[in-house]
Amino acid sequence: MNGLLYKEFKQNRVGLLVTMLVPFLVVLLPIVLTLGDVEESLTAAFVSFENNAAILKLLFILVTYLLVGDMQGKTLLGDDTKKWGIFVASSPSGVQGYLYTKYVFIFGMCGLMCVASTIADFLYSTVGYQVTKQEIGSGSAVFVLLFYAQLLLRALELPFFIRFGIKRGSTIKIIMGLLLVIVFVLLVIVNPFDIITNIVGAIDSLRGGDVSDTVTLLIAIFPFLALGTYYLSYRISCKWYMKGVEQYDQ
Amino acid sequence: MINKKLEQKRLGIFLSLTFALTWIPWIIFNKAFGYEEWFESGHLSILTALSSYGPALANILTRWITREGWKDSMLHLRLKGNLKYYVIALMMPIMYGLLIGILITCRYGEWDMSKMLMSGSWQSNLAWILNILVIAPLMAFNTFGEEFGWRAYMNQKMEPLLGTVGTCVIGGIIWGVWHAPLTVCGHNYGIDYPGFPYLGILLMSVVCIFDGIILMWLTKKTGSIYPAAIMHAMNNNGGPEIGNLLIMGVPENMEMTIWDQLYMGIPQIILGVIFLILMLHDKNKEKVRKIETEN
């Protein structure tokens, strides 16, 4: 098992490095984005960024999570060959041990992203406060939610990657994504039972901090749902692995 | 057989480095920014987080200086067969939080569900508990620095030299005294109490002894540092506050004296003693097993 974990570290060292470093770009963001407009001082740059570009910061965080998330799924790249699959199946740790290592490693990558983001946020708020003497909002709660969202996404895509290989698995993922978009567009057009109006209303009340207790509870349950799905995904992957190996390239 | 002299030397280097690497920055920060500003306000959160990594850094440096290598680093997760200990790590602070809640109501309040301090619906209360359960483990990176030093190194070196009880007591006192630069500025107990700051440091040491026992038990049972880091994080991030659900009829603005704090530490002391007995029992079992295999 240790050997497999070592292999993961060795194989994905660039991904790990990127995961650790990318969140720190958020500290540089206000300086880079406002340097052209605000020439007076760094203080003005931070104040301007905090007051006008909070949504940009959130967008930046989401994009970094998506990019790094994509790398997490790709940790299977190179392992989706028939030779490797058969070797793993005949090794003492077996398919279960191999996939267990894979899932623990990806879980760790998600955790690393969350920790790196939180530390970067600490750095951002410390630098921001020292520069502006203004309270800088913390994004820790967002990072926790994003961590569990990442887990859920990985839980959904990994069995497909294992069953069909990365290439075909990615295609299936894209098709499913497109189907979701189509369903969403249809919902927007038809708007049955005022679903969209209700969703927009819920988002509005979330932004205003006026959240109903049921919504709060649903948000709190979400991480447990993600964890449960992740475990279920592992079990499904164990079942599908050998079927996938039969279809992998040499 | 262990080389006692070498282990003593390693322990000495570790402790000197730990105190130097944390006390010097803490004292500088206290002077430069003021305790409230750098530790409590969250304005300098990066300094607060990084400075708690002194014991971890000392562990790494001691291993490097004394050419010890990374044997028994306790950095493995060891999830297989140990998942229950991870759950215990999550639940333990909640458990003594609930016991504290009961004690407070018995002493200062009255049993009346309508007078619960925690207002709000059951949904919001349940959401609050679930949030603590999912956030605290992620905050374990904050407490990892301490655990990687105290439990993964100090305890391991101390136990062969001082025995299990000695490690719990002396290790706990060292851990408590290590907090002194913060305690003298009002950390945990404020500054307005008789015997300030010595009583605060003493009380912190008592708390650290009994908390340390549970953390040591978790570390020894799993051979991993993560359950201890999770429990510590749970402790620091609102785990015991779940016990507030059981506080009833206590005035919201009631000020707690340092003696009240000691009184509220009773559940931790009881649990600490129980886990010490468990640890000693395990040690005896191990001894018997060793003798049996030798024969």
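The values are calculated or read from the model by the stated rules, or taken from the named source; none is laboratory data. What you see is a predicted model; the values in this text were computed from it and never measured. Because the Cβ atoms are built from the backbone with ideal geometry, glycine has one as well, and the counts that use them run over all protein chains shown.
Identify, please: which residue in segment B:94-115 is more than 19 Å from B:Asp211 (Cα to Cα) and buried (at least 19 other Cβ atoms within 10 Å of the Cβ) and is, among those, modelled with the lowest pLDDT?
If we take residues in segment B:94-115 being more than 19 Å from B:Asp211 (Cα to Cα) and buried (at least 19 other Cβ atoms within 10 Å of the Cβ), then B:Gly109 is modelled with the lowest pLDDT.
For segment A:171-187, does any single residue satisfy the condition of being of a type in the set (D, E, K, R) and over 21 Å from the mean Cα position of the chain (by Cα)? Explain how you work it out, then say what you get.
First, pick out the residues of segment A:171-187 that are of a type in the set (D, E, K, R): A:173.
Now restrict to residues that are over 21 Å from the mean Cα position of the chain (by Cα): none.
Within segment A:171-187 (the criterion being of a type in the set (D, E, K, R) and over 21 Å from the mean Cα position of the chain (by Cα)), the answer is no, since none of the residues qualifies.
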The residue that is surrounded by the most Cβ atoms within 10 Å (Cβ to Cβ), considering only those in segment B:144-170 that are small (Gly, Ala, Ser) and within 29 Å of A:Val115 (Cα to Cα), is B:Gly149
Would you mind stating whether B:Thr143 is touching a residue at least 12 places away in the same chain (Cβ under 8 Å), part of a helix (DSSP H, G or I) and within 25 Å of B:Ile174 (Cβ to Cβ)?
yes
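Here is a list: B:Asn253, B:Asn244. Which entry is at pLDDT below 90, outside any helix (DSSP H, G or I) and over 12 Å from the mean Cα position of the chain (by Cα)?
Details: B:Asn244 fails: outside any helix (DSSP H, G or I).
Result of the check over B:Asn253, B:Asn244: B:Asn253.
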field: Condition met for B:Gly81 (more than 30 Å from B:Val250 (Cβ to Cβ) and either β-branched (Val, Ile, Thr) or in a loop (DSSP other than H, G, I, E, B) (or both))
entry: yes
| query | Mind checking whether some residue in segment B:259-274 is at pLDDT 95 or above and more than 30 Å from B:Trp111 (Cα to Cα)? | reply | no
(Q) Looking at segment A:126-149, can you tell me whether even one residue there is on the phi < 0 side of the Ramachandran plot, in a helix (DSSP H, G or I) and more than 14 Å from chain B (Cβ to nearest Cβ)? (A) no
Heads up, the helices (runs of 4 or more DSSP H) in segment A:35-125 (entirely inside) with at least 3 residues that are more than 14 Å from chain B (Cβ to nearest Cβ) and closer than 18 Å to A:Asn12 by Cβ are A:54-73
Restricted to segment B:39-65 and to residues being surrounded by fewer than 18 Cβ atoms within 10 Å (Cβ to Cβ) and modelled with pLDDT of 95 or more, the residue farthest from the other protein chains (Cβ to nearest Cβ) is B:Ile65
The correct count of residues that are more than 19 Å from the chain's Cα centre (by Cα) and of a type in the set (Phe, Trp, Tyr) in segment B:65-86 is 1
Answer with yes or no whether B:Trp23 is away from chain A (no Cβ under 14 Å), farther than 30 Å from B:Gly243 by Cβ, free of Cβ contacts under 8 Å to residues at least 40 places away in the same chain and in a helix (DSSP H, G or I).
no
- Return yes when A:Leu153 is within 13 Å of chain B (Cβ to nearest Cβ) and in contact with a helix residue (DSSP H, G or I) (Cβ under 8 Å, 6 or more places away or on another chain) and no when it is not. no
>> When you check A:Glu135 against the structure, is it over 30 Å from B:Thr48 (Cα atoms), of a type in the set (Asp, Glu) and either touching a strand residue (DSSP E or B) at 6+ places or on another chain (Cβ under 6 Å) or surrounded by 12 or more Cβ atoms within 10 Å (Cβ to Cβ) (or both), yes or no?
In response: no
Restricted to segment B:66-82 and to residues being exposed (fewer than 14 other Cβ atoms within 10 Å of the Cβ) and of a type in the set (Gly, Ala, Ser), the residue farthest from A:Tyr231 (Cα to Cα) is B:Gly69
Filtering segment B:99-152 for residues that are under 22 Å from B:Ser52 (Cβ atoms) and among the basic types (Lys, Arg) leaves a count of 1
Counted residues in segment B:66-87 being touching a residue at least 12 places away in the same chain (Cβ under 8 Å), within 12 Å of another protein chain (Cβ to nearest Cβ) and of a type in the set (A, V, I, L, M, F, W, C) come to 2
Every listed condition ((1) more than 25 Å from B:Ala140 (Cα to Cα); (2) of a type in the set (A, V, I, L, M); (3) free of Cβ contacts under 8 Å to residues at least 40 places away in the same chain) holds for A:Val115 save (1)
Reported set for segment B:12-38 where residues are over 30 Å from A:Glu135 (Cβ atoms), surrounded by 15 or more Cβ atoms within 10 Å (Cβ to Cβ) and not hydrophobic (A, V, I, L, M, F, W, C) is B:Thr18
